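**Q** Quick one: the structure is below, questions incoming.
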Amino acid sequence: MTDSADAILNHLPARLKEARRNQGLSLDAVAKLSGVSRSMVSQIERGESSPTIATLWNLTRALQVDFAGLLDGAVAKPQIETLRASEVPTIDNLGSGCRIRILSPPEEAGKHEVYEVSFEPGGLLDSQPHTRGAREHLTVIEGQLQVTSGESTSTLSAGDTARYAADVSHRIAAEHGAARAFLVVQDA
């Protein structure tokens, strides 16, 4: 074997185990998804067995990782993605007197969206209904906000959280001064 082949075989167990853990999968779950026995997956991760190309292909498909990337010597992507404050996308033209910072990654749009919303005194974010079953979770960080979902209204102070239907007309208003909140939108 060549030195590069040895290097691949030396790194493969750790890369497979890392991929499984990054997906939050147990050995049993990988076995079911890949069709490779649990004991074989465990042996491969411990470096006690060298997988065939077919076995490796099934594992990479189950773990949703790139087959070639798993084998090459490329440096793995950092496990912490950092966006500096100046890099976070911001929306200033939605609602009035409010600024929305998009904290969730683009691939989460429509599924699990996270925002930081800052309101000027009297600021308002008025929203039309999202898709059926959509929900919002609003936690006030500073100030006071009034939340309306359908016909229901609740006033929140710093530290309070409201969970409400977002598949009806809803609004968030800063009627008593400036405010800041975190907003999580599910299934929008």
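**Q** Check Leu94, Leu125 and return the single one that is in contact with a strand residue (DSSP E or B) (Cβ under 8 Å, 6 or more places away or on another chain), outside any strand (DSSP E or B) and either open to solvent by less than 70 Å² (accessible area, probe 1.4 Å) or not β-branched (Val, Ile, Thr) (or both).
**A** That would be Leu94, the only listed residue that is in contact with a strand residue (DSSP E or B) (Cβ under 8 Å, 6 or more places away or on another chain), outside any strand (DSSP E or B) and either open to solvent by less than 70 Å² (accessible area, probe 1.4 Å) or not β-branched (Val, Ile, Thr) (or both).
**Q** Follow-up. Return the residues of region 27-46 that are among the hydroxyl-bearing types (Ser, Thr, Tyr), closer than 13 Å to Asn58 by Cβ and not in a loop (DSSP other than H, G, I, E, B); say none if nothing qualifies.
**A** Ser34
Conditions (1) in a loop (DSSP other than H, G, I, E, B); (2) over 30 Å from Thr82 (Cβ atoms); (3) open to solvent by 50 Å² or more (accessible area, probe 1.4 Å), marked per residue:
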{"position": "Glu113", "(1), (2), (3)": "no, no, no"}
{"position": "Ser118", "(1), (2), (3)": "no, no, no"}
{"position": "Pro121", "(1), (2), (3)": "no, yes, yes"}
{"position": "His130", "(1), (2), (3)": "yes, no, yes"}
{"position": "His137", "(1), (2), (3)": "no, no, no"}
{"position": "Val140", "(1), (2), (3)": "no, no, no"}
{"position": "Tyr164", "(1), (2), (3)": "no, yes, no"}
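**Q** Can you go through Arg171, Arg135 and tell me which one is among the charged types (D, E, K, R) and over 19 Å from Ser104 (Cβ atoms)?
**A** Arg171
**Q** Taking region 177-188, which residues are open to solvent by 10 Å² or more (accessible area, probe 1.4 Å), among the aliphatic types (A, V, I, L, M) and more than 15 Å from Pro105 (Cα to Cα)?
**A** Within region 177-188, Ala178 is the sole residue that qualifies.
**Q** Cβ-Cβ distance below 9 Å, separation of 6 or more or different chains: which pairs start in region 10-22 with a residue that is under 15 Å from Leu33 (Cβ atoms) and open to solvent by 20 Å² or more (accessible area, probe 1.4 Å) and end on one that is assigned to a helix (DSSP H, G or I) and among the small types (Gly, Ala, Ser)?
**A** Close Cβ pairs satisfying both conditions: Arg20/Ala29; Arg20/Ala62.
**Q** Just checking, how many residues over region 142-162 are assigned to a loop (DSSP other than H, G, I, E, B) and either closer than 21 Å to Arg99 by Cβ or open to solvent by 50 Å² or more (accessible area, probe 1.4 Å) (or both)?
**A** Count: 5.
**Q** To continue, here is another question. Taking region 55-87, which residues are loosely packed, with under 12 Cβ neighbours inside 10 Å and either modelled with pLDDT of 85 or more or among the β-branched types (Val, Ile, Thr) (or both)?
**A** Correct list: Val75, Ile80, Thr82, Arg84, Ala85, Ser86, Glu87.
**Q** In addition: Suppose the filter is open to solvent by less than 20 Å² (accessible area, probe 1.4 Å), without any contact (Cβ under 8 Å) to a residue 60 or more places away in the chain and more than 22 Å from Arg84 (Cα to Cα); does Ala174 pass it?
**A** Considered against the rule, which asks whether it is open to solvent by less than 20 Å² (accessible area, probe 1.4 Å), without any contact (Cβ under 8 Å) to a residue 60 or more places away in the chain and more than 22 Å from Arg84 (Cα to Cα), Ala174 comes out as no.
**Q** Here is a list: Val30, Val41. Which entry is closer than 16 Å to Ile53 by Cα, modelled with pLDDT of 80 or more, of a type outside the set (Gly, Ala, Ser) and open to solvent by less than 70 Å² (accessible area, probe 1.4 Å)?
**A** Exactly one of Val30, Val41 is closer than 16 Å to Ile53 by Cα, modelled with pLDDT of 80 or more, of a type outside the set (Gly, Ala, Ser) and open to solvent by less than 70 Å² (accessible area, probe 1.4 Å), namely Val41.
The values are calculated or read from the model by the stated rules, or taken from the named source; none is laboratory data. Here the structure is a predicted model, which is why all the values come from computation and not from measurement. All Cβ positions, glycine included, derive from the backbone under ideal geometry; neighbour counts span all protein chains shown. These accessible areas exclude ligands, DNA and RNA; they are computed on the full protein's heavy atoms, side chains included. Shrake-Rupley method; radii C 1.70, N 1.55, O 1.52, S 1.80 Å.
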